[in-house]
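Below is one structure, written out as structure tokens; comments come after it.
The values are calculated or read from the model by the stated rules, or taken from the named source; none is laboratory data. Bear in mind that the values here come from a model prediction, so they are computed numbers and not experimental data. Glycine also receives a Cβ, built like all others from the backbone with ideal geometry; neighbour counts cover every protein chain displayed.
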Amino acid sequence: MSAEKEGKQTIELGVELFPCRPWGICDGCGRRCDQIHETTERWIRDLPVFDKQTWLLVHRRRVLCPHCGPKIERLSWLEKNDRYTKRFAQSVARLCKIASVKQVAAEYGINEKTAKKFDKRYLEEELGPVDLSGLTVLAMDEFAIQKGHRYATVIVDPTCKRVLWVGRGRCRKSVKPFFDLLGPERCRRIEAVAMDMNGAYEQVVRAHCPGARIVFDLYHVVAKYNREVVDRVRVDQANRLRDDKKARKIIKGARWLLLKNRKNHKRRDRIRLSELLAANRPLMTISVLRDDLKRLWEYRYEGAAQRFWREWYSRAIRSRIEPLKRFARNLKARIEGVLSHCRYPLHTGLLEGINNKIKVIKRMAYGYRDDAYFFLKIRQAFPGNGS
């Protein structure tokens, strides 16, 4: 059967549906209504049949409800004001899991806003409110949501790799809504929170979860060391050798050689690094102390870790290298977060992987303007190992 729908689009396959019972169900209160107020015809899009675009000509009724007045009749397979069946909308949403909204809209021949509406509604119904019961440990990190240093915070349950909450911003005010959602009783059950050295995160956790231990991640501490010590000392040493242009050029060009992990060096890089460190004592000192600092995360007994830290701190202070001494003093004020790793061997490596997947989700859609929709897509991608 072929026909014209409202003079705009060709219907490849049309089916006319009539009511099969003299009464209807009120969409407002759900009661049975025996009186029909009026009947109208409405074209409803359904899933294709034999690869034919299919439309249903539905005789849609409004019932005269004694409690609600004239109301549209409730149909289990159709949303109140939709021009598409529920199974059509669900099919669109399922395809949105693996393709962008633009691609899905083109595949089904519908508007992009309509495809997004179906996907967002499906996600809200599928995911529902997040289950925050039974949480004892958390991990939190930031990721770039837009250009111009605009960030969002993601909080996960590291025991099952489940995203619990995503919110725009990385300050105390931005993260506070999660702990308000968690509630005082569940906050008291939190034992440890893994994070980078973001002071705002630490403050909000201490304010809401006073019994929780802060666990600083190895990756972020070493990254801070590289920025504040290795880069600063390298530049200072290069500036000191202004008269020796050849030596200055070697030190200036050795940034990635110094920052790269020793185990990732090729034989040629190992030889270059050995020659560079042998010729420059300050660079040798900060390189050795950085490798020793990493060993602090290998301890499982806190007393042994404290002894190792005191020895490392003493060596750093005696080095007479100002950037290194400054870093050591700053880390000493927050060393509890490093030593907590002995009891709670948590890290944010899981979050770094999640952040990479978030970038893929964002790029696949060429960005999201709707934060709520974007955050639902993130929760859908990380439902947890138990789901």
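Restricting to region 358-385, and then to whatever is exposed (fewer than 13 other Cβ atoms within 10 Å of the Cβ), part of a helix (DSSP H, G or I) and of a type outside the set (A, V, I, L, M, F, W, C), can you tell me which residue is modelled with the lowest pLDDT?
Taking region 358-385 as the starting set, the residues that turn out to be exposed (fewer than 13 other Cβ atoms within 10 Å of the Cβ) are 359-360, 363, 366-367, 369-370, 372, 385.
Subset that is part of a helix (DSSP H, G or I): 359-360, 363, 372.
Restricting the remaining residues to those that are of a type outside the set (A, V, I, L, M, F, W, C) gives 359, 363.
Details: 359: 84, 363: 79.
Looking at residues that are exposed (fewer than 13 other Cβ atoms within 10 Å of the Cβ), part of a helix (DSSP H, G or I) and of a type outside the set (A, V, I, L, M, F, W, C), I get 363.
Does residue 14 satisfy being at pLDDT below 90, assigned to a loop (DSSP other than H, G, I, E, B) and more than 30 Å from residue 382 (Cα to Cα)? Steps first, please.
Values: at pLDDT below 90: yes; assigned to a loop (DSSP other than H, G, I, E, B): no; more than 30 Å from residue 382 (Cα to Cα): yes.
For residue 14, the condition - at pLDDT below 90, assigned to a loop (DSSP other than H, G, I, E, B) and more than 30 Å from residue 382 (Cα to Cα) - is not met.
Could you grab me the full set of residues in region 99-135 that are under 30 Å from residue 218 (Cα atoms) and either touching a residue at least 60 places away in the same chain (Cβ under 8 Å) or touching a Ser or Thr at 6+ places or on another chain (Cβ under 8 Å) (or both)? Before the answer, list the steps.
Pass one, region 99-135, residues under 30 Å from residue 218 (Cα atoms): 130-135.
130, the sole residue that qualifies.
Mind checking whether some residue in region 307-329 is touching a residue at least 40 places away in the same chain (Cβ under 8 Å), within 24 Å of residue 201 (Cβ to Cβ) and not in a helix (DSSP H, G or I)?
Filtering region 307-329 for residues touching a residue at least 40 places away in the same chain (Cβ under 8 Å) gives 321, 323-324, 326-327.
The next check asks that each one be within 24 Å of residue 201 (Cβ to Cβ); those that pass are 326-327.
Now drop any that are not not in a helix (DSSP H, G or I), which leaves none.
No, region 307-329 contains no residue that is touching a residue at least 40 places away in the same chain (Cβ under 8 Å), within 24 Å of residue 201 (Cβ to Cβ) and not in a helix (DSSP H, G or I).
Which ones in region 288-304 are closer than 11 Å to residue 229 by Cβ and either in contact (Cβ under 8 Å) with a residue 40 or more places away in the chain or β-branched (Val, Ile, Thr) (or both)?
At the first step, the residues of region 288-304 found to be closer than 11 Å to residue 229 by Cβ are 289-290, 293.
Scanning region 288-304 gives 290, 293.
Looking only at region 73-85, which residues are buried (at least 16 other Cβ atoms within 10 Å of the Cβ) and within 15 Å of residue 122 (Cα to Cα)?
Scanning region 73-85 gives 78, 82, 84, 85.
Could you say which residue among 241, 218, 258 is modelled with pLDDT of 85 or more and in contact with a helix residue (DSSP H, G or I) (Cβ under 9 Å, 6 or more places away or on another chain)? Steps first, please.
Details: 241 fails: modelled with pLDDT of 85 or more; 258 fails: modelled with pLDDT of 85 or more.
One residue alone meets the criteria, 218.
Inside region 43-147, counting only strands (runs of 3 or more DSSP E) that do not spill past its ends, which hold 2 or more residues that are more than 28 Å from residue 27 (Cβ to Cβ)? Reasoning before the result, please.
Details: elements: 52-65, 69-72, 137-146.
Of the strands (runs of 3 or more DSSP E) lying wholly inside region 43-147, those with at least 2 residues that are more than 28 Å from residue 27 (Cβ to Cβ) span 137-146.
Residues are listed down the side, and each one gets a yes or a no for (1) of a type in the set (A, V, I, L, M, F, W, C); (2) out of contact with any helix residue (DSSP H, G or I) (no Cβ under 8 Å at 6 or more places or on another chain); (3) not assigned by TED's automatic domain parsing to the domain that holds residue 370:
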site	(1), (2), (3)
158	no, no, no
162	no, yes, no
171	yes, no, no
181	yes, yes, no
189	no, yes, no
222	yes, no, yes
227	no, yes, yes
230	yes, no, yes
253	no, yes, yes
